[in-house]
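The values are calculated or read from the model by the stated rules, or taken from the named source; none is laboratory data. What you are looking at is a predicted structure, and each value in this text was computed from that prediction instead of being measured. Note that we place each Cβ from the backbone using ideal geometry, even for glycine, and neighbour counts take in every protein chain shown. Each accessible area value is taken on the protein alone, full model and side chains, heavy atoms only, with ligands, DNA and RNA left out. Shrake-Rupley method; radii C 1.70, N 1.55, O 1.52, S 1.80 Å.
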Amino acid sequence: IVYLTELTGMRVEAPNGLRIGRVREVALTPSEHPRRVSQFLIGRRTRFKVRFDQVRTIDSEVIRLSDDRLVPYYPDDNLLLLSKDLLDQQIVDVNGRKVVRVNDIALRIEHVGGRDELWVHEVGVGLQGAFRRLAEGILPNRVIRKIQQRIKPNSIAWEYCNIIEPDPQRRLK
């Protein structure tokens, strides 16, 4: 499991080991696959995208690519940007009542065809996710993971989440 808070800021390396940049955003293309991360957005001002099939391995500190062909990123309404569109959003129940707030997202590393893919596993709605967000950038990820084990997890499996009604202002319902 890799958490979105750990993934943002993670180093991305070319096949020869040279640093390309850091992950700034992660995107799903729900029309292609409802769980698989389809693109990683890299860079600060000028953003580039890396497709999921360009990733060779993913570990706790670095994403290694199988090729270094970077394509400029242009905003696309078909993409669901996990940080921008999901973090801090309210999850509502089927009756329209606000229930919980999205604090973090857990992604599972799947080994497919000799390479790694990230699949959305669950949405963190409890104190564990809030703690990871607060400690992000202050404590190393390994320390955060050790401390968070003492906090009771609270999450909702991704298969029970659904975007009912997106609107033009990128808010989710």
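Observations, loosely collected:
- Selected residue (only one of E32, E110, E61, E6 is within 22 Å of E136 (Cα to Cα) and open to solvent by 30 Å² or more (accessible area, probe 1.4 Å)): E61
- Within the stretch 14-29, the residues that satisfy the criterion of being surrounded by fewer than 18 Cβ atoms within 10 Å (Cβ to Cβ) and farther than 18 Å from P72 by Cβ are P15, N16, G17, L18, R19.
- Output for the stretch 132-154, where each listed residue is closer than 14 Å to D104 by Cα and open to solvent by less than 50 Å² (accessible area, probe 1.4 Å): R132, A135, I144, Q148
- Within the stretch 133-147, at least one residue is within 17 Å of the chain's Cα centre (by Cα) and in a strand (DSSP E or B).
- In this structure, V37 does satisfy being within 23 Å of G137 (Cβ to Cβ), in contact with a strand residue (DSSP E or B) (Cβ under 7 Å, 6 or more places away or on another chain) and either at pLDDT 85 or above or open to solvent by less than 70 Å² (accessible area, probe 1.4 Å) (or both).
- Residues within the stretch 15-34 that are at pLDDT 90 or above and small (G, A, S), tallied: 1
- Taken as a whole, the structure places D68 among residues that are open to solvent by 80 Å² or more (accessible area, probe 1.4 Å), under 23 Å from R19 (Cβ atoms) and modelled with pLDDT under 85.
Results for (1) touching a helix residue (DSSP H, G or I) at 6+ places or on another chain (Cβ under 6 Å); (2) at pLDDT 90 or above; (3) of a type outside the set (K, R); (4) under 18 Å from S155 (Cα atoms), shown as yes or no for each residue.
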position	(1), (2), (3), (4)
P75	no, no, yes, no
I91	no, no, yes, yes
D104	yes, no, yes, yes
R108	no, yes, no, yes
V112	no, no, yes, no
D116	no, yes, yes, no
Q128	yes, no, yes, yes
L134	no, no, yes, yes
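- Meeting the requirement of 1 or more residues that are among the small types (G, A, S) and under 16 Å from D116 (Cα atoms), the strands (runs of 3 or more DSSP E) wholly within the stretch 20-99 are 37-42.
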